[in-house]
Amino acid sequence: MSPPMPAGYSGLQIVLHWLIAGLIVFLLVFGESMKEFMEAAEHGTSLDTGERFLADSHYWVGLAVLLLASFRVG
């Protein structure tokens, strides 16, 4: 006889779901900054501080999503 299946998701699964969803919304909203960053890198120009911050944030938030999603799948 197999053990009974849980009736719903655990609190950790729910928190991870909404955390990842919020981070993905951030990536979608501020994703344009990475395009600006890549264009500046191709032309050898620099970005202003705000655009540079958003590009760096986009990079690190993307890595956080990858890590959290890997944890959630595992």
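The values are calculated or read from the model by the stated rules, or taken from the named source; none is laboratory data. This is a predicted model, so every value here is computed, not measured. Here the Cβ is made from the backbone with ideal geometry for all residues, glycine too, and neighbour counts use every protein chain on show. Protein only, heavy atoms only, side chains kept; ligands, DNA and RNA dropped before computing areas. Shrake-Rupley method; radii C 1.70, N 1.55, O 1.52, S 1.80 Å.
Do we find that S57 is polar (S, T, N, Q), surrounded by 11 or more Cβ atoms within 10 Å (Cβ to Cβ) and out of contact with any Asp or Glu (no Cβ under 7 Å at 6 or more places or on another chain) in this structure? Walk me through how you get there before you give the answer.
Values: polar (S, T, N, Q): yes; surrounded by 11 or more Cβ atoms within 10 Å (Cβ to Cβ): yes; out of contact with any Asp or Glu (no Cβ under 7 Å at 6 or more places or on another chain): yes.
In short, yes.
State yes or no: is M5 free of Cβ contacts under 8 Å to residues at least 24 places away in the same chain, assigned to a loop (DSSP other than H, G, I, E, B) and not acidic (D, E)?
Values: free of Cβ contacts under 8 Å to residues at least 24 places away in the same chain: yes; assigned to a loop (DSSP other than H, G, I, E, B): yes; not acidic (D, E): yes.
Taking the combined requirement at face value, the residue satisfies it.
Has region 14-34 got at least one residue that is modelled with pLDDT under 85, part of a helix (DSSP H, G or I), over 21 Å from F71 (Cβ atoms) and not charged (D, E, K, R)?
Checking region 14-34: at least one residue is modelled with pLDDT under 85, part of a helix (DSSP H, G or I), over 21 Å from F71 (Cβ atoms) and not charged (D, E, K, R).
List the number of the failed condition for L68; all other conditions in (1) open to solvent by 50 Å² or more (accessible area, probe 1.4 Å); (2) part of a helix (DSSP H, G or I); (3) of a type outside the set (F, W, Y) hold.
Single failed check for L68: (1).
Give the residue that is farthest from the chain's Cα centre (by Cα), with candidates limited to residues of region 19-35 that are of a type outside the set (A, V, I, L, M, F, W, C) and open to solvent by 80 Å² or more (accessible area, probe 1.4 Å).
Of everything passing the filter in region 19-35, K35 is farthest from the chain's Cα centre (by Cα).
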